[in-house]
Amino acid sequence: QVQLVESGGGLVQPGGPLRLSCAASGSIFSITPMGWYRQAPGKQRELVAAITNSGSTNYADSVKGRFTISRDNAKNLVYLQMNSLKSEDTAVYYCKGRKLGRDYWGQGTQVTVSS
């Protein structure tokens with residue numbers, strides 16, 4: 001069983017930065033890939049960024065160059081550094097991890113980009 005808890009969401013002005021964290025209940029080394037997804041009101045949940053335990057990453061085109069995903073296997077944490085935020089980044093952000101073929105989700109954290 002894996003439990004994932006997101007934190008770091010909030011209200012930020014357009015152009016500002018925000019860092020999300022995802023804490024796992026145990027070692028994340030065997031959880032791969034780990035990713036961040038988001039869901040805006042009235043829209044489907046979409047992949048934002050993902051990272052494997054070897055550090056390979058992939059990003060949605062809409063966030064390339066602005067967001068960075070990273071993981072600290074020693075601390076069982078995954079981060080999403082978000083820069084140059086736009087109003088269209090407003091959504092609930094979810095952390096997801098896959099272990100032994102099963103997906104685990106966090107409860108989500110709200111990110112609102114507004115002036």
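The residue list 99, 64 contains one member that is at pLDDT 95 or above and either touching a Cys at 6+ places or on another chain (Cβ under 9 Å) or basic (Lys, Arg) (or both), which is 64.
Checked against (1) open to solvent by 70 Å² or more (accessible area, probe 1.4 Å); (2) in contact (Cβ under 8 Å) with a residue 40 or more places away in the chain, residue 74 meets all criteria but (2).
Taking the condition of being open to solvent by 60 Å² or more (accessible area, probe 1.4 Å), small (Gly, Ala, Ser) and part of a strand (DSSP E or B), how many residues in the stretch 8-28 meet it?
0
Out of the residues in the stretch 43-61 that are modelled with pLDDT of 95 or more and outside any strand (DSSP E or B), state the one that is most open to solvent (accessible area, probe 1.4 Å).
Taking the stretch 43-61 as the starting set, the residues that turn out to be modelled with pLDDT of 95 or more are 43-51, 56-61.
If we keep only those that are outside any strand (DSSP E or B) too, we end up with 43-45, 56, 60-61.
Numbers: 43: 137, 44: 162, 45: 92, 56: 68, 60: 23, 61: 126 Å².
So the residue we want is 44.
Taking the stretch 67-96, which residues are in a loop (DSSP other than H, G, I, E, B), among the polar types (S, T, N, Q) and either at pLDDT 95 or above or under 21 Å from residue 16 (Cβ atoms) (or both)?
Matches in the stretch 67-96: 83, 84, 90.
Could you run through the stretch 77-95 and say how many residues are open to solvent by 10 Å² or more (accessible area, probe 1.4 Å) and not basic (Lys, Arg)? Total satisfying the criteria: 10.
Annotation note: of 2, 12, the sole residue that is β-branched (Val, Ile, Thr) and over 19 Å from residue 100 (Cα atoms) is 12.
If you take the residues in the stretch 96-113 that are small (Gly, Ala, Ser) and under 14 Å from residue 48 (Cα atoms), which one is least open to solvent (accessible area, probe 1.4 Å)? Selected residue: 97.
The values are calculated or read from the model by the stated rules, or taken from the named source; none is laboratory data. Since this is a predicted model, take the numbers as computed values, not measurements. Every residue, glycine among them, receives a Cβ derived from its backbone with ideal geometry; neighbour counts consider all protein chains shown. Surface accessibility is based on the protein's heavy atoms, side chains included, excluding ligands, DNA and RNA. Shrake-Rupley method; radii C 1.70, N 1.55, O 1.52, S 1.80 Å.
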